[in-house]
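Q: Here it is, the structure in full.
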Amino acid sequence: MNQLNIYRNIFLEKEELMNLQGFLQNSLFKQLLLQATYTYGIVTNDPSKFNKDFQKPDEFKPNEPFKVEQGTTNGTYKVLPGLAFNNLGQVIFIEDIQDNIVCPQDDQFYWVKISYDTRNYELGTVSVNQKGNVNGNVSFLGKVRGQAGSTPVSIRFEKEDGSNPLNDGVYQIVSVVDDQNLILTSNAEFTPETNLRVVILGTIPITAVFSKEQKAGLYTYDFYRISLVREIEVSTPPVKEDTEFYISRIRNSGGSITIDNSVKKEFWSLAGFVNKGKE
């Protein structure tokens, strides 16, 4: 396995860390998986998805990745957790139930599509008060430092709806109260604000200013996108990319959601498994 040899008194800068990241992203295991894959798609433990004659033992419980159900709120739907693997080696992973996703109330059929995406913000939201106190359900564990050390971390805020936050500057962390509470400093007074996403920017020299590229965020996380594609031809899946997968076909008629999960057809498999299933 390729590795970065870490020793004391060895300086690590952008080039060394980029090489380390490259080692991880282009691992031999990932290449092995790509080479051994027969079909790309949703990961399931249910052999009947490949062999309709498969007899399931009584105690066997197939998982139901990306199952779509009625949402908690009227006129919405939810997507259950699941995992998918595409031909670029990207993993589409929904860890928690995604609930109350809106479907247009127009009596038209839509296909629910999942695809790979990334995010730079931390999961959860926070509030900030006039004194720069930050609290919410974002976990800062192991990701930020305050001014007690010599390398305090800075953050910025984003709004969930994409609009500009009232507190739109770069803010250095004075103190890490606990995993979910921070105290920030600013040259201008803070405006009380809620439902903010947090983007961690990291630490730069005292006299330096964060560049546009750096303001994008120190971390990029694997993520996913759930979207709706309107049906053009009856019962026919709309055109999509090979890296995307349809998981359901739905319609909102007067606030009542009709769901057809049988359209889920693309499943991930290894060549040896498929051959064995056809014996």
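Q: Fully extended, how many nm does the chain gain between GLN180 and ARG225 (0.36 nm per residue separation, minus their Cα-Cα distance)?
A: Numbers: separation 45, 0.36 × 45 = 16.20 nm, distance 2.63 nm.
13.6 nm is the gain from fully extending GLN180 to ARG225.
Q: Between THR39 and residues 5 or more places away or on another chain, which pairs have amide H atoms under 5 Å apart, with H built 1.01 Å from N, and which residues are they?
A: Residues meeting the amide H criterion: SER269.
Q: Turning to a different aspect of this structure: Using only the Cα atoms, what convex hull volume per residue in Å³ does the chain have? Intermediate results must be reported in sequence, preceding the final value.
A: Details: hull volume 56.2 nm³, N = 279.
Measuring per residue, one finds 201 Å³ for the Cα hull of the chain.
Q: Here is a follow-up. Give a residue-ordered list of calculated ³J(HN,Hα) values for region 78-87 (Karplus: 6.51 cos²θ - 1.76 cosθ + 1.60, θ = phi - 60°; whole Hz; x for Gly, Pro).
A: These are the phi-based 3J(HN,Hα) values: 10, 10, 7, x, x, 9, 9, 10, 9, 6 Hz.
Q: Sort TYR7, TYR224 by Cβ crowding within 10 Å, fewest neighbours at the top.
A: Ascending number of Cβ neighbours within 10 Å: TYR7, TYR224.
Q: Could you calculate the contour length gain from SER127 to GLU16, that is, 0.36 nm times the residue separation minus the distance between their Cα atoms, to one decimal place in nm? Walk me through the numbers before you get to the answer.
A: Details: separation 111, 0.36 × 111 = 39.96 nm, distance 3.66 nm.
Difference between extended and current length: 36.3 nm.
Q: Can you sort THR151, THR39 by how many other beta carbons sit within 10 Å, fewest first? Please list the in-between numbers first.
A: Values: THR151 11, THR39 15.
Result, fewest neighbours first: THR151, THR39.
Q: Quick one: compute a quarter of the convex hull surface over the Cα atoms of region 67-147 and quote it in nm². Could the numbers behind the result be given before it?
A: Values: hull surface 36.5 nm².
For region 67-147, averaging the hull's shadow over all directions gives 9.1 nm².
Q: Show me, for region 257-269, the HN-Hα J-couplings you get by feeding each phi into the Karplus relation (A = 6.51, B = -1.76, C = 1.60, θ = phi - 60°), rounded to Hz, glycine and proline as x.
A: For region 257-269, the Karplus curve yields 9, 9, 10, 10, 8, 6, 6, 6, 10, 9, 10, 7, 8 Hz.
Q: Next question. Hey, can you grab everything whose amide H is under 5 Å from the amide H of PHE109? Only 5+ residues off in sequence or another chain; H modelled, so Pro and N-termini drop out.
A: Counting only residues 5 or more places away or on other chains, the set is GLU231.
Q: Moving on. Per residue and in cubic angstrom, what volume does the convex hull of the Cα atoms of region 126-219 have? Mind dumping the intermediate values first?
A: Working: hull volume 9.1 nm³, N = 94.
Considering the Cα atoms of region 126-219, their hull volume per residue is 97 Å³.
Q: Run the reach check for LYS265 against lysines, Cα to Cα strictly under 27 Å, same-chain hits fewer than 8 apart removed. What comes back?
A: Partners within reach: LYS30, LYS49, LYS52, LYS56, LYS61, LYS67, LYS78, LYS113, LYS240, LYS276, LYS278.
Q: Which FRET efficiency, nearest 0.05, do GLN172 and ASN100 yield, Cβ-Cβ r, R0 30 Å? Display every interim value, and only then the final one.
A: Working: r = 36 Å, r/R0 = 1.20.
Efficiency for this residue pair is about 0.25.
Q: Quick one: Karplus J couplings for region 36-47, per residue in order, coefficients 6.51, -1.76, 1.60, θ = phi - 60°, nearest Hz, x for Gly and Pro?
A: After applying 6.51 cos²θ - 1.76 cosθ + 1.60, I find 8, 6, 9, 9, 9, x, 7, 8, 9, 9, 9, x Hz.
Q: Extension gain THR207-SER256, at 0.36 nm per residue separation less the Cα-Cα distance, in nm?
A: On the way: separation 49, 0.36 × 49 = 17.64 nm, distance 5.81 nm.
Using 0.36 nm per residue and subtracting the Cα-Cα distance, I get 11.8 nm.
Q: Using only the Cα atoms of region 54-102, build the gyration tensor, take square roots of its eigenvalues as a ≥ b ≥ c, and label the shape rounded, prolate or oblate: rounded if a/c is under 1.5, else prolate if a/b is larger than b/c, else oblate.
A: On the way: a/c = 3.06, a/b = 1.25, b/c = 2.45.
Judged from the Cα gyration tensor, region 54-102 comes out oblate (a/c at least 1.5, b/c at or above a/b).
Q: If you don't mind, there's one more thing I want to ask. Beta carbons within 10 angstrom, averaged per residue: use that to sort the peptides 42-49, 19-26, 110-117, 8-15, highest first.
A: Final packing ranking: 110-117, 42-49, 19-26, 8-15.
Q: Testing the spin-label approximation: label points 7 Å from Cα along Cα→Cβ at ILE232 and GLU193. State their distance in nm.
A: The answer from the label model is 4.1 nm.
Q: So if R0 is 25 Å, what FRET efficiency would TYR7 and THR151 give, r being the distance between their Cβ atoms, rounded to the nearest 0.05? The partial results should precede the final answer.
A: Values: r = 21 Å, r/R0 = 0.84.
The pair TYR7/THR151 has a calculated efficiency of 0.75.
Bear in mind these aren't lab numbers, they're just calculated from the coordinates by the rules spelled out. Values in this document were obtained by computation on a predicted structure and should not be read as measured data. Cβ: placed from backbone, ideal geometry, glycine included. Neighbour counts: every protein chain shown.
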